[in-house]
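Engineer: Supplied in structure tokens, the structure appears directly below.
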Amino acid sequence: MSSRFHYAKFESEQDFLQAARSCRSHNLKVVEAYSPYPVHEIGEILGISRSKLPFVTLAGGTFGLGLAMFFQYWTSAVDWPINVGGKPFDSLPAFMPVAFEMLVLCAGLGTVAALFWRSRLYPGKNRKVPHPRISDDRFLLMVEVQDASLPPGFVEGLWQQHHAVEAWTRAGEVQ
Amino acid sequence: MDKLIHPAADAQLIEGNKSLHQVTEDVFQPLERKASPSWWLAFGFASTALAIGLISVVYQIKVGIGTWGLDRTIGWAFDITNFVFWVGIGHAGTLISAVLLLLRQKWRTSINRSAEAMTIFAVICAGIFPLIHMGRPWLFYWVFPYPNTRGSLWVNWRSPLLWDVFAIGTYFTISLVFWYVGLLPDLATARDRARGIRKKIFGFFSLGWTGSARTWVRYEMACLLLAALATPLVVSVHSVVSTDFATANLPGWHTTVFPPYFVIGAIFSGFAMVLSLMLIARKVMGLQDYITMKHISAMCKVIVFTGTIVGSAYATELFMAWYSGNPFEQFAFNNRVFGPMGWSFGIMVLCNVIVPQLLWFKRIRSSIRSIFLITILVNVGMWFERFVIIVSSLHRDFLPSSWSSYRPTWIELGTLLGSFGLFFTLFLLFCRFLPMIAASEVKSVLPKSTACPEAESKKEAA
């Protein structure tokens, strides 16, 4: 089944948001939106659920804490116990600072690794940017329309109504 | 905090009624132009200082740390002072980027990028001192717990010096990662504006950033999480640094007030350093519309607030020394104030407690020159605070026959100068090659109605 992708470029956040809202109210499927800075409402319109990154942070932190506590205990109380100032070999409170730092390190690096993994960001990635001025001052909406479900010119009319500065379409396959 | 720094009035955050495109131009044009003569002049000074530092470091590694003014009584002095000073400087960057993000303080957007860069450079400067102090820096990897042929003899996990390794290591890594993630959208802007080799380089480092809504959602969540991790981290780092002293059984060091006292002192000195740098940068780089009197005034208020806490920490220390009834404790503090090193205590109190109080006056708080002078004095004072804590506590210990005095050698002064050289060289390179202001964040705090005047007028025409 073939479908068409309609793109529209906007100069202001308000126009961009209103266009996205009215796409939603007309049951058009907004598949992607690009902006120079995060626009909060757009995630909701696209139906993007709350990011699950906090779970990665939790897992990373737990791993770091557990690893550091275990390793400190093993090296000081099991592998080679050394009497330092008469303190007990398993002086767990003294292991807390290093364990905390390892918690933060693993949680932080894990979070960023997950962000890069999920968003497919990696060095040297040559992704085609939909429009070079998105990173400057333009907002872009991408709507997918199944064939013959709408009167011709409907989407174009909608764009015009919301002051789109440029609009174009591209044929695409439904994945 | 919200009330403390002008309540509403986001409109004044960025002056000059900028459009989105104007922000991009203002932030990125300096990177695309040739460097100005004033930049070259500053870079010349900074790199000369760095060269002097390099020569000093090479000399003292070759000859040994007997080139320092230390003796058997004073085993720690200049290098540890510099280490604590530089770590402290770094703390403001994390505070601005993480704590103020969690508190939703929008004024942070203009200064967070450069403050974070400052954190990274300051931690690099700090890390050099313990490294040199090892005497044999090529064996630095002995501080890590790796399986070795000595047994394996593991590191001593109960030592605050080892905690330092982990605290500073984590702090540097997380700050660098946080800074880099924050840079991504702006690196993409630089990529989209550039041509040729610059486009390739920025393209490589921007990781294929497109600004899609899905990425933004995750990106914002990641920034929030990193901020939430960095906030307790920054508190832990200087607390750990303070335990280098507080866990020692030495009058003047052995106090429980040290961790909070060090953390607040770090924020105090860090904000002073951020402010001195911002006052220069906004002038040299022409960023007056982005770093406005509102930002400066907010930072002044943080300085006067933290300065007052630092003052009360000094008072608490003195009171507790007297109130403890411990003759050694009382002697240490009496010697700190009235002894041969008393002059440094005087400088510390003058610069850290008395001078910042002038910022209560609106007239002083709105004069760039007086603010600049105050921030420099605060940094001098905070350097002396560490010097006072370390040297004045050590030089007259329990045994009067081993009492001694301390004077830095030229090698030590050269190393200190070199660390400033390194800091400013890195900062100047950063100003030259990376966007100094987080353009994408500034764009999100522009007043929405005036963000796009072209679109507004088009609407009226239609």
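Engineer: Residues to consider are A:Ala59, A:Ala33; find the one that is more than 13 Å from the chain's Cα centre (by Cα) and either more than 10 Å from chain B (Cβ to nearest Cβ) or surrounded by 14 or more Cβ atoms within 10 Å (Cβ to Cβ) (or both).
Structural biologist: Working: A:Ala33 fails: more than 13 Å from the chain's Cα centre (by Cα).
Result: A:Ala59 is the single residue among A:Ala59, A:Ala33 that is more than 13 Å from the chain's Cα centre (by Cα) and either more than 10 Å from chain B (Cβ to nearest Cβ) or surrounded by 14 or more Cβ atoms within 10 Å (Cβ to Cβ) (or both).
Engineer: If you go through the stretch A:73-88 one residue at a time, do you hit one that is part of a helix (DSSP H, G or I) and of a type in the set (A, V, I, L, M)?
Structural biologist: Filtering the stretch A:73-88 for residues part of a helix (DSSP H, G or I) gives A:73-79.
Pick out the ones that are also of a type in the set (A, V, I, L, M) and you get A:77-78.
Taking every residue of the stretch A:73-88 in turn, at least one turns out to be part of a helix (DSSP H, G or I) and of a type in the set (A, V, I, L, M).
Engineer: Moving on to the next point. Taking the stretch B:217-254 as the search range and keeping residues that are out of contact with any helix residue (DSSP H, G or I) (no Cβ under 8 Å at 6 or more places or on another chain) and either within 11 Å of chain A (Cβ to nearest Cβ) or among the β-branched types (Val, Ile, Thr) (or both), which one is surrounded by the fewest Cβ atoms within 10 Å (Cβ to Cβ)?
Structural biologist: Quick first cut of the stretch B:217-254, residues out of contact with any helix residue (DSSP H, G or I) (no Cβ under 8 Å at 6 or more places or on another chain) only: B:220, B:248-249.
This time we only want the ones that are either within 11 Å of chain A (Cβ to nearest Cβ) or among the β-branched types (Val, Ile, Thr) (or both), so: B:220, B:249.
Working: B:Glu220: 16, B:Asn249: 7.
Out of the qualifying residues, it is B:Asn249.
Engineer: Out of curiosity, is A:Gly124 surrounded by fewer than 18 Cβ atoms within 10 Å (Cβ to Cβ) and either under 30 Å from B:Leu226 (Cβ atoms) or more than 7 Å from chain B (Cβ to nearest Cβ) (or both)? Walk me through it before giving the result.
Structural biologist: On the way: surrounded by fewer than 18 Cβ atoms within 10 Å (Cβ to Cβ): yes; either under 30 Å from B:Leu226 (Cβ atoms) or more than 7 Å from chain B (Cβ to nearest Cβ) (or both): yes.
Against the criterion (surrounded by fewer than 18 Cβ atoms within 10 Å (Cβ to Cβ) and either under 30 Å from B:Leu226 (Cβ atoms) or more than 7 Å from chain B (Cβ to nearest Cβ) (or both)), A:Gly124 qualifies.
Engineer: Pick from the stretch A:86-101 the residues that are within 7 Å of another protein chain (Cβ to nearest Cβ) and buried (at least 19 other Cβ atoms within 10 Å of the Cβ): which of them is farthest from B:Leu176 (Cα to Cα)? First the steps, then the outcome.
Structural biologist: Start the filter on the stretch A:86-101 by keeping residues that are within 7 Å of another protein chain (Cβ to nearest Cβ), which leaves A:87, A:91, A:94-95, A:97-98, A:100-101.
After this cut, where a residue has to be buried (at least 19 other Cβ atoms within 10 Å of the Cβ) as well, the list is A:94-95, A:97-98, A:100-101.
Details: A:Ala94: 28, A:Phe95: 25, A:Pro97: 21, A:Val98: 20, A:Phe100: 19, A:Glu101: 15 Å.
That would be A:Ala94.
Residues checked against (1) over 30 Å from B:Val27 (Cβ atoms); (2) of a type in the set (Ser, Thr, Tyr):
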site	(1), (2)
B:Trp86	no, no
B:Ile111	no, no
B:Ala115	no, no
B:Met118	no, no
B:Cys125	no, no
B:Ile128	yes, no
B:Gly135	yes, no
B:Tyr141	yes, yes
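Engineer: Of the residues that make up the stretch B:386-395, is at least one under 27 Å from B:Ala117 (Cβ atoms), surrounded by 17 or more Cβ atoms within 10 Å (Cβ to Cβ), in contact with a Leu (Cβ under 7 Å, 6 or more places away or on another chain) and of a type in the set (D, E, K, R)?
Structural biologist: No, the stretch B:386-395 contains no residue that is under 27 Å from B:Ala117 (Cβ atoms), surrounded by 17 or more Cβ atoms within 10 Å (Cβ to Cβ), in contact with a Leu (Cβ under 7 Å, 6 or more places away or on another chain) and of a type in the set (D, E, K, R).
Engineer: Spot the failing condition for B:Thr170; the list is (1) touching a Leu at 6+ places or on another chain (Cβ under 7 Å); (2) surrounded by fewer than 22 Cβ atoms within 10 Å (Cβ to Cβ), and only one is missed.
Structural biologist: (2)
Engineer: Now for a different question. Within the stretch A:1-33, count every residue that is outside any helix (DSSP H, G or I) and among the basic types (Lys, Arg). Can you show your working first?
Structural biologist: So in the stretch A:1-33, the residues outside any helix (DSSP H, G or I) come out as A:1-12, A:26-33.
Add one more test, that the residue is among the basic types (Lys, Arg), and what stays is A:4, A:9, A:29.
So the answer is 3.
Engineer: Filter the stretch B:181-216 for residues that are over 20 Å from B:Ile437 (Cα atoms), part of a helix (DSSP H, G or I) and facing chain A (nearest Cβ under 7 Å) and give the result.
Structural biologist: Answer for the stretch B:181-216, where residues must be over 20 Å from B:Ile437 (Cα atoms), part of a helix (DSSP H, G or I) and facing chain A (nearest Cβ under 7 Å): B:Phe204, B:Ala213, B:Arg214, B:Thr215.
Engineer: Looking only at the stretch A:36-56, which residues are in contact (Cβ under 8 Å) with a residue 40 or more places away in the chain, in a loop (DSSP other than H, G, I, E, B) and more than 7 Å from chain B (Cβ to nearest Cβ)? Spell out the reasoning first.
Structural biologist: Going residue by residue through the stretch A:36-56, those that are in contact (Cβ under 8 Å) with a residue 40 or more places away in the chain are A:36, A:39, A:53, A:56.
So of that shortlist, the ones also in a loop (DSSP other than H, G, I, E, B) come out as A:36, A:39.
Listed by number, the list holds a single entry, A:Val39.
Per-residue answers, yes or no, for (1) at positive phi; (2) under 26 Å from the mean Cα position of the chain (by Cα); (3) surrounded by 15 or more Cβ atoms within 10 Å (Cβ to Cβ):
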position: B:Ala313; (1), (2), (3): no, yes, yes
position: B:Gln330; (1), (2), (3): no, no, yes
position: B:Arg336; (1), (2), (3): no, no, yes
position: B:Cys351; (1), (2), (3): no, yes, yes
position: B:Trp360; (1), (2), (3): no, yes, no
position: B:Leu373; (1), (2), (3): no, yes, yes
position: B:Trp383; (1), (2), (3): no, yes, yes
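Engineer: Given the criterion at pLDDT below 85 and farther than 26 Å from B:Leu101 by Cβ, identify the matching residue among B:Glu460, B:Glu412, B:Glu441. Lay out the reasoning, then the answer.
Structural biologist: On the way: B:Glu412 fails: at pLDDT below 85; B:Glu441 fails: farther than 26 Å from B:Leu101 by Cβ.
Step by step, each of B:Glu460, B:Glu412, B:Glu441 is checked, and only B:Glu460 is at pLDDT below 85 and farther than 26 Å from B:Leu101 by Cβ.
Engineer: Additional query: Would you kindly identify the helices (runs of 4 or more DSSP H) lying entirely within the stretch B:328-437 that contain at least 2 residues that are under 19 Å from B:Gly75 (Cβ atoms)?
Structural biologist: Working: elements: B:342-349, B:362-365, B:368-387, B:410-433.
Once the helices (runs of 4 or more DSSP H) in the stretch B:328-437 are filtered for at least 2 residues that are under 19 Å from B:Gly75 (Cβ atoms), what remains is B:368-387, B:410-433.
Engineer: I'd like the residue in the stretch A:71-85 that is surrounded by 14 or more Cβ atoms within 10 Å (Cβ to Cβ) and among the small types (Gly, Ala, Ser) and, out of all such residues, is nearest to the other protein chains (Cβ to nearest Cβ).
Structural biologist: Within the stretch A:71-85, the match that is nearest to the other protein chains (Cβ to nearest Cβ) is A:Ser76.
The values are calculated or read from the model by the stated rules, or taken from the named source; none is laboratory data. The shown structure was predicted, so the numbers you read here are calculated from the model rather than taken from an experiment. A quick note on method: Cβ atoms are made from the backbone with ideal geometry, for glycine too, and the neighbour counts reach across all protein chains shown.
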